[in-house]
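The values are calculated or read from the model by the stated rules, or taken from the named source; none is laboratory data. Quick caveat, the model's predicted, so the values are computed rather than measured. Cβ placement follows ideal geometry from the backbone for every residue including glycine, while neighbour counts extend to all protein chains displayed.
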Amino acid sequence: MSSLLETKIAARQHALREQGLLRQRKVLGVDHAINTNASTSSPRFVFEGRAYVNFSSNDYLGLSRVPELVEALHLGAQTYGVGSGASPLVTGYSDAHLALERELCALTGHEAALLFCSGFSANTALMKTLFDQHDIVVADKLVHASIIYGLQDSGAQLKRFLHNSLESAERLLARHHSSALITESVFSMDGDCAPISELSALCRQHHAWLVVDDAHGFAVLDGYKKAEAAKLIDVQVVTFGKALGCQGAAVLGSQALIDFLVSNAREYIYSTALSPANAALALAATQYSTAHPELQQKLLENIALFKQLCREANVPLLGSDTAIQPLIIGDARQTLQVAEELRAAGIWVGAIRPPTVPVGSARLRITLTAAHAAEDIATCVAQLAQVLSRVGVPLVTERQAADEHR
Ligand SMILES: Cc1ncc(COP(=O)(O)O)c(C=O)c1O
């Protein structure tokens, strides 16, 4: 007879499979033929013996394969060893961590920083430690799962405002005596940007802190770095696994906040510290991104090219101006089918389904990087247009006609 847990697991997996929502990992390998000159060619990998161009990575500046940064990690490991060996308050906090924290503060204008091994743990630690049952917290409807889980654990009352709506945010701030408003700089699944200056003004008016998850904006968007960020944002979470191409995260804010987290954040106190080699790498990647503004420029050109080609081919994008370009299909199975057909053409695009996005808004999440070659972007769009029309997903003109008919 199966145990209770075996029965539960089998039933849940069956239900997910039936709804087209089962998640499975794919083992990806290195494309040795291409990656000899990896920092100057489109990102690629091999899956089951076939090479794919990767349009599904958050390595927006292409830094993960830059030779100088590979060398920085190597040097970091030679200097400090490959691991930190302890939690930060025991013996896991080194001068490599301090140097990275100082660099991040100099870039953003915040007084102090605290490093975590991932953005997920930075967000959950921040929410759980900062808020408790006495707090009312206002958050954008689309903030990341790590923020929601952290808030749920904190016991705070959570009030959600309509995505990017200043009116909705103001209504909630006026109605409730809120401790903080939480948003993202660039939304991970929609690619649009929050109105940070306006939200900051609202927060000042209502004596609430503005907390911004800057995972997809840091080192890519100009607006909230270069020492300006701290003037608008009280707490900023930056991650190293996206535009910096490596791993880890930091919470940035006042010295009082960081001291409070050091003494109270259980994820920080009871977990092995980010390795010093990774801290040295993140520092080198931060400096590299600042010293190479042409990468940001190349990313912007690639985004513009992709959008222009989609416009010409009537491919219906959501209207984002960032590296994250969503194409809403709606139905989860149809989204998977389109992604699979694109793979048949050697193009790898993420199929994002509920619960990551709301039910009925399954989508392709196409991400551009500075490393994509123009001809690969053109191939991606041409294949996209062909597959969408073959599968029966309406192109822009057909959608407009249908909308007008409604
Ligand atoms: C908006 C946002 N915040 C936080 C995270 C978590 O960051 P990390 O991947 O470093 O855990 C992600 C990653 O998916 C994200 O998209």
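Can you report the number of residues in the stretch 93-112 which are in a loop (DSSP other than H, G, I, E, B) and touching a Leu at 6+ places or on another chain (Cβ under 8 Å)?
1
Give all pairs with beta carbons closer than 7 Å in which a residue from the stretch 136-149 that is among the polar types (S, T, N, Q) meets a residue that is within 11 Å of the ligand (Cβ to nearest atom); count only pairs at least 6 apart in sequence or on separate chains.
Ser146/Gly119; Ser146/Phe120; Ser146/Asn123; Ser146/Thr124
Output the residues belonging to the stretch 232-271 that are among the charged types (D, E, K, R) and more than 13 Å from the ligand (Cβ to nearest atom).
Hits for the stretch 232-271 are Asp234, Asp259, Arg266.
Counting only residues that are at pLDDT 95 or above and in a loop (DSSP other than H, G, I, E, B), which one in the stretch 322-344 is nearest to Asp192 (Cα to Cα)?
Thr322
Search the stretch 370-397 for residues that are modelled with pLDDT of 90 or more and pair each with any residue that is basic (Lys, Arg) and surrounded by 14 or more Cβ atoms within 10 Å (Cβ to Cβ) when their beta-carbon atoms are under 7 Å apart and the residues are at least 6 apart or on different chains.
Going by the 7 Å Cβ cut-off, the qualifying pairs are Ala370/Lys298.
Could you pull out the residue among Ile136, Ile147 that is within 15 Å of the ligand (Cβ to nearest atom) and either among the aliphatic types (A, V, I, L, M) or farther than 27 Å from Glu228 by Cα (or both)?
Ile147
In the stretch 191-233, which residues are at pLDDT 95 or above, part of a loop (DSSP other than H, G, I, E, B) and acidic (Asp, Glu)?
Of everything in the stretch 191-233, those that are at pLDDT 95 or above, part of a loop (DSSP other than H, G, I, E, B) and acidic (Asp, Glu) turn out to be Asp192, Asp214.
State all residues of the stretch 177-206 that are at negative phi, of a type in the set (Gly, Ala, Ser) and touching a residue at least 24 places away in the same chain (Cβ under 8 Å); if no residue qualifies, say none.
Answer for the stretch 177-206, where residues must be at negative phi, of a type in the set (Gly, Ala, Ser) and touching a residue at least 24 places away in the same chain (Cβ under 8 Å): Ser178, Ser179, Ala180, Ser185, Ser188, Ala194, Ser197, Ser200.
Being closer than 25 Å to Ala77 by Cα and crowded, with 22+ Cβ neighbours inside 10 Å is the filter here, so list the residues in the stretch 250-276 that pass it.
Ala250, Val251, Tyr268, Ala273, Leu274, Ser275, Pro276
Between residues in the stretch 231-249 that are on the phi > 0 side of the Ramachandran plot and in contact (Cβ under 8 Å) with a residue 24 or more places away in the chain and residues that are within 10 Å of the ligand (Cβ to nearest atom) and not hydrophobic (A, V, I, L, M, F, W, C), which pairs lie under 7 Å by C-beta distance while being six or more apart or on different chains?
Final answer for the pair search is Gly248/Ser118.
From the list Leu126, Leu115, Leu142, which residue is within 16 Å of the ligand (Cβ to nearest atom) and in a strand (DSSP E or B)?
Among Leu126, Leu115, Leu142, only Leu115 is within 16 Å of the ligand (Cβ to nearest atom) and in a strand (DSSP E or B).
So which residues in the stretch 79-107 are at pLDDT below 95 and either closer than 19 Å to Cys246 by Cα or within 16 Å of the ligand (Cβ to nearest atom) (or both), if there are any at all?
Leu107
Kindly establish whether Ser42 is assigned to a loop (DSSP other than H, G, I, E, B), not aliphatic (A, V, I, L, M) and not assigned by TED's automatic domain parsing to the domain that holds Asp222.
So Ser42 fits the description; yes.
Go through the stretch 318-327 and give me each residue that's crowded, with 18+ Cβ neighbours inside 10 Å and either assigned by TED's automatic domain parsing to the domain that holds Asp214 or of a type outside the set (Gly, Ala, Ser) (or both).
Selection gives Thr322, Ile324, Gln325, Pro326, Leu327.
Could you tell me which of the residues Ala113, Ala86, Ala125 is farther than 24 Å from Ala208 by Cβ and in contact with a helix residue (DSSP H, G or I) (Cβ under 6 Å, 6 or more places away or on another chain)?
Testing whether each residue is farther than 24 Å from Ala208 by Cβ and in contact with a helix residue (DSSP H, G or I) (Cβ under 6 Å, 6 or more places away or on another chain) leaves just Ala86.
Which pairs do you get when a residue that is surrounded by fewer than 19 Cβ atoms within 10 Å (Cβ to Cβ), found in the stretch 282-299, comes within reach of a residue that is among the hydrophobic types (A, V, I, L, M, F, W, C), reach meaning Cβ atoms under 6 angstrom, with the pair 6+ apart or on two chains?
Lys298/Ala370
Is the stretch 166-183 home to any residue that is within 21 Å of Ala323 (Cα to Cα), within 16 Å of the ligand (Cβ to nearest atom) and not hydroxyl-bearing (Ser, Thr, Tyr)?
So far as the stretch 166-183 goes, no, none of its residues is within 21 Å of Ala323 (Cα to Cα), within 16 Å of the ligand (Cβ to nearest atom) and not hydroxyl-bearing (Ser, Thr, Tyr).
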